[in-house]
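Visitor: Sharing a structure with you now.
A short reminder: the numbers here are calculations on the coordinates, not readings from a lab. None of these values were measured; they are calculated from a predicted model. A quick note on method: Cβ atoms are made from the backbone with ideal geometry, for glycine too, and the neighbour counts reach across all protein chains shown.
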Amino acid sequence: MSPDPTQPIPRHLLPDSAEIVDGRLRIGGCDVGELAREYGTPIFIYDEDHLRARAREAVEAFGPGVAYASKAFLCTAMARLVHEEGMDIDVSTAGEFHVARAADVPAAAMVFHGNNKNRTELALAMTEGVGRVVVDSFDEMDRIEALHAEGLAAIDVLLRITPGVEAHTHEYISTGRDDSKFGFTVSTGLAERAIARAKQSPAMRLRGIHAHIGSQVFRVDSFARAAEVIASVGAPHDLEEVSVGGGLGVPYVLGEEGASITSWAGVVHDALGAAGVSARVLAEPGRSIAAAAAITVYEVGTVKPLEGIRTYVAVDGGMSDNPRPVLYGSGYESFLVERADAPRDLEVRVVGKHCESGDVLVREGHVPSDIAVGDLLATPVTGAYGHSMGSNYNAITRPPVVFASRGDARLVVRRETLDDLLRRDVID
């Protein structure tokens, strides 16, 4: 039987600490409505203990060296949190590296990714002593070797291979197929050529191989198939490490179910064990750490019924704080935080305030039928790829981020001001 979308928002889509008291949602022991009024809307509210629990689960499931994929959500507080819980951090640009270092994360606890790392980024990695550089192309090898010839120290590397595995996810976030901008393709022999070159290079210490098949992957058997390819490629070379990347899917809407980090790790370990791999197994979860830990809260500004068509509910954010629906057609749920246990008996389309017809947050949302201007509307499971992919489109200021835990809330990213929008302008 299909789930009933008119029922109150299901608890499994809310952060771990979420509770409803007299109809009002609380996260981390804090009243969400009160936080929204104190810090303004839109606002990202994270359950800090939820984040810590998932980070600890990842370390327990994969062991030391498992890295948080910082592209999912990064600020200094988040970098510090996952490092405190024993995770390394996966960065893919000089900017992400800079944020992590500002949080006192050692360079040795970072994995530096990216399909087109420039000389500046590679020099930074080599000078600072990054734990691993994930090498993605022969051109990148050229740059590393040139920098080493100029006097920079050799570095530990993983080679990113393209395993040719279909991840059954959106085209834009499917990265393991042969037709991909990422990695050395196994089927064409590029992976073997890359391994041979790295083993002979004085600039690189080859530690292992890496593969990432995509993001928001629900079918864990896809990870098992990728692990089998990794095993077959690495077997002749007696490598120390293999990394299966990240990409574990999380449920966003009714009817979706996702595997736990522990279950994912079990599938990967079983597949590699069956293939006789004894190397250390690494992974890079991001979405599965951060996504369900947060909600985004908005204020309703317009309720526009169009008879015989639909009802539009416009809020004070939009594609600038959550571009996933526009980019990928991603689905979300909607509910009112101060009537969180009320039936959601009105179907609506939740839209933002941008000058775009495509500025849609929830295409098929449900809310109580007495929704009104001024209500606080939330979308759950927004802890990954909302804040990190946000923009200033239409010169909108980006929202703040609050961490809530055990009755206390702390601001970890302040709201941008209108003056912030001018800080980089050169004004005569």
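Visitor: Evaluate E = 1/(1 + (r/R0)^6) for Asp428 and Arg119, where r is the Cβ-Cβ distance and R0 equals 60 Å; express this FRET efficiency to the nearest 0.05. It would help to have the intermediate numbers written out before the result.
Guide: Details: r = 34 Å, r/R0 = 0.56.
For Asp428 and Arg119, the calculated efficiency is 0.95.
Visitor: Let me ask something additional. For the chain, give the share of DSSP beta bridges that are antiparallel, in percent and rounded to the nearest 5; count only bridges with both residues there.
Guide: Values: 33 of 66 bridges.
Roughly 50 percent of the beta bridges in the chain run antiparallel, per DSSP.
Visitor: Sticking with this structure for a sec: Run the quick spin-label model on Lys199 and Asp270: label points 7 Å from Cα toward the beta carbon, then report their separation in nm to one decimal.
Guide: A separation of 3.2 nm, rounded to one decimal place.
Visitor: Which of Leu25, His269, His354 sits closest to the plus end of the dipole of the chain, meaning its Cα is farthest towards the positive end, when Lys and Arg get +1 and Asp and Glu get -1 on the C-beta?
Guide: Positive-most Cα among the choices belongs to His269.
Visitor: Give, in nm to one decimal, the length gained when the segment between Ala146 and Arg37 is fully stretched (0.36 nm per residue of separation minus the Cα-Cα distance).
Guide: Values: separation 109, 0.36 × 109 = 39.24 nm, distance 5.47 nm.
Computed gain between Ala146 and Arg37 is 33.8 nm.
Visitor: A further question on this structure: Tell me, what does the Kirkwood hydrodynamic radius of the range 180-282 come to in angstroms if you use every pair of distinct C-alpha atoms?
Guide: Values: mean 1/r = 0.0682 Å⁻¹.
Computed over Cα pairs of the range 180-282, the Kirkwood hydrodynamic radius comes out at 14.7 Å.
Visitor: If I model a spin label at Thr76 and Ser369 as a point 7 Å from the Cα along the Cα→Cβ vector, what separation in nanometres do I get?
Guide: 5.1
Visitor: Name the residue from Met389, Thr296, Pro202 whose Cα lies farthest towards the positive end of the charge dipole of the chain, charges +1 on Cβ of Lys and Arg and -1 on Cβ of Asp and Glu.
Guide: Final value for the positive-end residue is Pro202.
Visitor: Helix-derived [θ] at 222 nm for the chain: sum -39500 (n - 2.57) over DSSP H runs of at least 4, divide by residue count, nearest 500? Present the calculation step by step, with values, prior to reporting the outcome.
Guide: Numbers: 11 runs with 112 residues, N = 428.
Taken over the chain, the calculation gives -7500 deg cm²/dmol.
Visitor: On to the next question. What whole-number value in cubic angstrom gives the convex hull volume per residue for the C-alpha atoms of the range 49-289?
Guide: On the way: hull volume 26.6 nm³, N = 241.
Enclosed volume per residue, from the Cα hull, is 110 Å³.
Visitor: Below 19 Å, Cα to Cα, which lysines can Lys117 reach? Residues fewer than 8 away in the same chain don't count.
Guide: Filter leaves Lys71, Lys181.
Visitor: Treating only the Cβ of Lys, Arg, Asp and Glu as charged (+1, +1, -1, -1), what charge dipole size does the chain show about its Cα centre? Round to the nearest 20 debye. Walk me through the intermediate numbers first.
Guide: On the way: 41 positive and 61 negative charges, 130 e Å.
With only Lys, Arg, Asp and Glu charged at Cβ, the dipole is about 620 debye.
Visitor: What's the longest piece of the chain with no exposed GluC sites (Glu not before Pro), counting a site as exposed if DSSP puts it in a loop and it has at most 11 other beta carbons within 10 Å? Each step should come with its number before you reach the end.
Guide: Working: sites that count: Glu150, Glu257, Glu307.
With a cap of 11 other Cβ atoms within 10 Å, the longest stretch comes to 1-149.
Visitor: Can you run phi through the Karplus equation (6.51, -1.76, 1.60; θ = phi - 60°) for the range 239-254 and list ³J(HN,Hα) in whole Hz, with x for Gly and Pro?
Guide: 7, 7, 9, 9, 10, 9, x, x, x, 4, x, 10, x, 10, 9, 3
Visitor: Moving on. Who wins for biggest fluctuation among Pro305, Pro15, Pro106 in a Gaussian network model of the chain, springs between alpha carbons below 10 Å?
Guide: Pro305
Visitor: Which helices, taking whole DSSP H runs in the chain, have alpha carbons extending 15 angstrom or more along the helix axis plus mean Kyte-Doolittle at least 1.6? Numbers along the way, then the final one.
Guide: Numbers: long enough: 48-62 (21 Å, -0.85); 138-149 (16 Å, -0.43); 190-200 (16 Å, -0.40); 220-234 (21 Å, 0.91); 261-274 (20 Å, 0.87).
Both cut-offs are met by no helix.
Visitor: Using the Karplus curve 6.51 cos²θ - 1.76 cosθ + 1.60 with θ = phi - 60°, what ³J(HN,Hα) values do you get for each residue of the range 418-428, in whole Hz, with x for Gly and Pro?
Guide: For the range 418-428, the Karplus-derived couplings read 4, 5, 4, 5, 9, 5, 9, 5, 8, 9, 5 Hz, x marking Gly and Pro.
Visitor: Restricting to the range 49-289, what percent of DSSP beta bridges are antiparallel, rounded to 5? Spell out each step's value before the answer.
Guide: On the way: 1 of 27 bridges.
Roughly 5 percent of the DSSP beta bridges within the range 49-289 come out antiparallel.
Visitor: Could I ask something else about it? Among (1) 13; (2) 6; (3) 18, which one is percent of Cα pairs over 42 Å apart computed from these coordinates?
Guide: (3)
Visitor: Also, I was wondering about something else. Testing the spin-label approximation: label points 7 Å from Cα along Cα→Cβ at Val21 and Ala154. State their distance in nm.
Guide: It is 6.0 nm.
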